[in-house]
Amino acid sequence: MSRDILPMLLSDYNHPSIILKAQSLTEGKIEVMDKIQSIFNYVRDEIKFGFPPVWDRVRASETIQYGLGYCNTKATLFHALCKAADIQSRIHAGQIDINIMRGIFPSFVFPLMPSAGGHSWIEIHIDGDWRPVDSYINDKGFYFNALEILKKSGREVGYSVSHAKGDSSCEFNFGAKGFVHMGSVVEDQGTWADFSEYMSSDSYLAMTQVQKKIYPLLAGLCNRNIEKIRNQEILAPSRRRYSKNSGNDLLIASAPVMVTSPLLRRAITAAIIAMRWSLNDETNPPLTSPPSIRRSSASTRAVIFNVRSTSIIASARLLSLSFSLLTPEILEVPLQ
């Protein structure tokens, strides 16, 4: 069964800001390919790669206001501008290996995330064929620095770049020169008239309420990492191997260098312990429990959820503060 349809189109091509932007980008251009390339250049470079304060449910007109976006919100904007310019386009969705965000997401979040996440790109109808493009996702300034770090790391995937299935590119092309994320797509979930249609389907993996509360804090950390890469403040990660022990030391050891400050180490460890407790489901009684136990625990579960929500937000803030005390090189996440 599908989820309820969202009450608006995310690619709001009738919005005045979208109409004006499409007109300015295509004015004086006769060939369709020239119009598409102009839209491509705008979405790639004028909308910097980054994370807005809201996840996925972002209108194209809002992405213009934010001035930044990631795969899904940039695809929504690209789609809206094409429609406003009478260029036939559609959204193609799928699941992408989350390791493509190594070096962007802080290392402590990966054990708390699924192995793949929602992803989308644009397809444009040209000469009777639907042709995919995704090389607009990373702005040019960010892309080349991220690519250099990735190559020095000796890995194929990370820093919002994938070489898993061939060369990557940030140039305007339909795959001949390379894509930027396509090599890490692990599941095809079909084409959609609007990203809101995909979000209303069973294929879409929605955030939990707790994840929604954490997201703005995570977005801030990610955007800081992105800026450091864009400004060449982060170097390629060391190939040094760290010993990995059990329990919470595993997450601490996944940091790019060992944290030597006892106070900072205790703060990070405490935050990880609290976050793990906040996310586990052991306090929920199994469905096989007697009805009386399930009924008596209903109000308790509501209280526990509120406590967990508060705990995980506090944990994320503590982690954010802890990592803000580290140098750019320490903040960098190694590809392990």
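The values are calculated or read from the model by the stated rules, or taken from the named source; none is laboratory data. Just so it is clear, the structure is predicted and the values come from calculations on it, not from any experiment. So basically every Cβ, Gly included, is an ideal-geometry build from the backbone, and we count neighbours across all protein chains shown.
Worth pointing out:
- Test: residue in segment 40-62 that is on the phi > 0 side of the Ramachandran plot, modelled with pLDDT under 95 and under 20 Å from the mean Cα position of the chain (by Cα): yes
- Scope segment 206-222; condition part of a helix (DSSP H, G or I) and in contact with a Lys or Arg (Cβ under 9 Å, 6 or more places away or on another chain); matching residues: Val210, Leu217
- Within segment 58-79, the presence of a residue that is in a strand (DSSP E or B), surrounded by 22 or more Cβ atoms within 10 Å (Cβ to Cβ) and β-branched (Val, Ile, Thr) is excluded.
Matching residues to (1) modelled with pLDDT under 95; (2) charged (D, E, K, R); (3) in contact with a strand residue (DSSP E or B) (Cβ under 7 Å, 6 or more places away or on another chain); (4) part of a loop (DSSP other than H, G, I, E, B):
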{"residue": "Asp86", "(1), (2), (3), (4)": "no, yes, no, yes"}
{"residue": "Arg90", "(1), (2), (3), (4)": "no, yes, yes, no"}
{"residue": "Gln95", "(1), (2), (3), (4)": "no, no, yes, no"}
{"residue": "Phe108", "(1), (2), (3), (4)": "yes, no, no, no"}
{"residue": "Gly118", "(1), (2), (3), (4)": "yes, no, yes, no"}
{"residue": "Ile124", "(1), (2), (3), (4)": "no, no, yes, no"}
{"residue": "Arg131", "(1), (2), (3), (4)": "no, yes, yes, no"}
{"residue": "Asn138", "(1), (2), (3), (4)": "no, no, yes, yes"}
{"residue": "Asn145", "(1), (2), (3), (4)": "no, no, no, no"}
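- Within segment 33-45, being free of Cβ contacts under 8 Å to residues at least 60 places away in the same chain and either closer than 20 Å to Gly141 by Cβ or in a strand (DSSP E or B) (or both) holds for Ser38, Ile39, Tyr42.
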